[in-house]
1. Scan around N304 for amide H atoms under 5 Å from its own, H built in the peptide plane at 1.01 Å from N, and keep only partners 5 or more places away or cross-chain.
2. Please order M213, M287, M240 by the number of other Cβ within 10 Å, starting at the fewest.
3. What's the Kirkwood radius of segment 268-336 in Å, using all Cα pairs?
4. Please arrange D421, D52, D289 by counting, for each residue, the other beta carbons lying within 10 Å of its beta carbon, fewest first.
5. Where a Cα-Cα gap under 29 Å defines reach, which lysines qualify for K358, not counting those fewer than 8 residues away within the same chain?
6. What's the exposure ranking of L312, L390, L113, L189, going from fewest to most Cβ atoms within 10 Å?
7. Which value, in nm² and rounded to one decimal, describes the direction-averaged projected area of the C-alpha convex hull of segment 140-451?
8. For a quick check: with amide H placed at 1.01 Å from N, whose amide H comes under 5 Å from N237's, ignoring anything fewer than 5 positions away on the same chain?
Amino acid sequence: MHRSFAAFAKDTRGGIVLIFALLLPVVTGMSAAAVEYASLIKRRAELQRAADSGSIAGVNQFKLANADDASAVRTAIAMARAQAGSQRPVAATAEVLGNHSSVRVTLSETIVLTLGRLLNLPTLEVSVQSTAKLAGTTRLCLLALDPLSMGAFHLESAARITATDCSLYSNSLHPAGIQGENAAVAQALSTCSAGGYFGKANFLPTPATGCPMIRDPLADREAPQSASCLNIANLLNPMMLIGSLDDPAYGKNVITTTATLSPGTYCGGLHITKGAQVTLRPGVYIMKDGPLVVDKKSSLEGVNVGFYFMGLRTGLLFDEKSVISLTAPKDGVMRGLLFFEERTLTIPIPLPLPLGGKGKSKPPPGGPLPLREYRIISDEARTLLGTIYLPSGRLIIDSKKPVADQSAYTVIIARLINLYDGPNLILNARYGATDVPVPRGVGPSSADTELSQ
């Protein structure tokens, strides 16, 4: 018996299934489109954050010494691309606006659309823009000067460096000019390498690479002049024959008691040892042809003091059980400089092993170099207020506790900078909290970087 078409049309049995079958492709397409749209929104946000990082890093170049428009543009692009982190090519441009006061970064990326082929729109270009502007000047707090070495700025083990208000920089063109290993952490306003960076350390933010080398901002700083040698009487060394014998390689002027010293030239260096407690009067202390060594539970403190290292066998060792508290001069030839090294590099004679403590330091990551060594391995070096300037030296920080965290500011400029073991080197930038001036080219500022767009 045949049903009429009208009867068939009125029959609603199976209608829901039919409607679902008809709508399924539409619903599926809408779901896929929603997922793809969400992915596009997420990627655009990632690009925006990368552009923001790039514009901030670029304009921060004008806080550094001798920066120009080209270096700001290169840094902005390098940072933006590093933060974008895409396997696909990201087009990046940057331009300097105003009187070196703003940097604008534009990022664009072509996204392949899964559903685009159905709409004759296989790809979509996502473009973002960010402009950062300056309201002040410099905040460079660490600069490794060596132009070629691997690990010119190196940290390993559980070492940590915290510089949230200033920037870390390596001039080394080596692919691993900045090197981090093990569980090390470097957190800074920005980190830049003229070459590359390598390792498993956690850098926050990711270092920009291919940054322009910057000129030593203290290259023109006048050095102190040495004077007649000071002679320390044996009465300051009552423990001369008690315990281990004095090693002149650690400093010919030996103190083993409570003493207050005056500025001057200490020929053969200065050795504070066997529980000595030494206070320094304000001024410049020149270590000539010998090191400054503080060890064996001794302490050294001084306000408005600066150390100049010159000649052979010079260097520094703040051993593991020493207590150190030093602030740089407010005026004079060493104003703002806590440590200053003679630029002329004769072949130095390494210090012998520490009489106690951690033993011989590791060689530089790139292999031995004829460098003077300045070792801070003290677990009580909380105040190092001022600028550590070692243009021909290697600074080694190897302790288990915070270093310089009680300083209003600390700036480090050295040929090589190596952190080992588990220190937390704190590079504060509270310039307004002290009357010790910051050397021109590495500070000072109450400046802020602002995103204007």
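Values in this text are rule-based calculations from the coordinates and carry no lab data. A quick note: this is a predicted structure, and the numbers were derived from the prediction, not measured. As a convention, Cβ positions derive from the backbone with ideal geometry for all residues, glycine included, and neighbour counts pool all protein chains shown.
1. Under 5 Å from the amide H of N304: T327, A328.
2. Sorted ascending by nearby Cβ count, the order is M240, M213, M287.
3. 12.2 Å
4. D421, D289, D52
5. Cross-link targets: K200, K252, K274, K288, K296, K297, K321, K400, K401.
6. Least crowded to most crowded, the residues run L312, L113, L189, L390.
7. Here the figure is 14.4 nm², rounded to one decimal.
8. T256
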